[in-house]
Amino acid sequence: MVSSPMEVAHTAFWAERGGLLFRQARLAADMNQRVLASVSGTSRTTLSAYEHGRKSPTLGTAGRILDAAGFRLALEAKVEVETCESEGRTFHVPTRLRRLPVGAALGVVRLRGREFDLADRDARRDAYTLLLCEGRPGELLEHVDGVLLVDLWHELALPAGIRAAWEPLVREARLDEGVLI
């Protein structure tokens, strides 16, 4: 069976991404290839081939290598960002709310020349208002935490069209957690 150029490119892309994942896990665990290969039950040359995208491991092997480095494989929902328009204003809304790592959810962010300490509720309310009204797709994905947004939802001063576009996400998140709006 001959693979199409698209399939070959797709496979190469994921092999590279997987290789980067292994390398990041190994470096975060402060291990060299020899040590990680040994504790994960593979050879150093095979691990090197994985890291450089020359070879792709089975899912079981990938899980074993990441586990040996102190990480786990996890399924994370893909989030797209849609462009919406209301009242002559263009804004963006993700297809689902994400949970961010604590450092990102409660860190300090610089937006439109202003700095916001997301650990401070009032600052987070101001930042989220700005992000929901004017945030670019990447900014929304990097700085809006779903649980923190739901917690602040009724405090946000949003134009009606933007509130209406985000409301289904907030409602869904609340129902998932068993909380009624």
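The values are calculated or read from the model by the stated rules, or taken from the named source; none is laboratory data. Since the structure is predicted, the reported quantities are computational estimates derived from the model, not experimental observations. Cβ sites come from the backbone with ideal geometry, for glycine too, and all protein chains shown count toward neighbours. Please note that ligands, DNA and RNA were not included when accessible areas were found on the heavy atoms of the full protein model with its side chains. Shrake-Rupley method; radii C 1.70, N 1.55, O 1.52, S 1.80 Å.
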Scan 118, 73 and give me the residue that is farther than 23 Å from residue 24 by Cβ and within 18 Å of the chain's Cα centre (by Cα). 118
Out of all the residues in the stretch 25-44, which are within 14 Å of residue 61 (Cβ to Cβ), open to solvent by 30 Å² or more (accessible area, probe 1.4 Å) and part of a helix (DSSP H, G or I)? 39
Qualifying residues in the stretch 148-159 (those that are in contact (Cβ under 8 Å) with a residue 24 or more places away in the chain and open to solvent by 70 Å² or more (accessible area, probe 1.4 Å)) - the one farthest from residue 105 (Cα to Cα): 157
Kindly indicate whether any position in the stretch 130-144 is over 17 Å from residue 95 (Cβ atoms), within 21 Å of the chain's Cα centre (by Cα) and free of Cβ contacts under 8 Å to residues at least 40 places away in the same chain. yes
Output the qualifying pairs, or none if there are none: Cβ atoms under 7 angstrom, residues six or more apart or on different chains, first residue in the stretch 167-181 and at pLDDT 95 or above, second residue part of a helix (DSSP H, G or I) and among the β-branched types (Val, Ile, Thr). 170/150
Using the structure shown, decide if residue 98 is buried (at least 17 other Cβ atoms within 10 Å of the Cβ), in a loop (DSSP other than H, G, I, E, B) and basic (Lys, Arg). yes
Do we have any residue at all in the stretch 48-58 that's open to solvent by less than 90 Å² (accessible area, probe 1.4 Å), part of a helix (DSSP H, G or I) and charged (D, E, K, R)? yes
Here are some conditions: (1) more than 17 Å from the chain's Cα centre (by Cα); (2) surrounded by fewer than 16 Cβ atoms within 10 Å (Cβ to Cβ); (3) assigned to a loop (DSSP other than H, G, I, E, B); (4) at negative phi. Residue 83 meets all but one. Which one does it not meet? (3)
Give all pairs with beta carbons closer than 7 Å in which a residue from the stretch 29-57 that is under 25 Å from residue 13 (Cβ atoms) meets a residue that is in a helix (DSSP H, G or I) and among the acidic types (Asp, Glu); count only pairs at least 6 apart in sequence or on separate chains. 53/16
Specify the residue that is most open to solvent (accessible area, probe 1.4 Å); the eligible residues are those in the stretch 59-80 that are part of a loop (DSSP other than H, G, I, E, B) and not aliphatic (A, V, I, L, M). 72
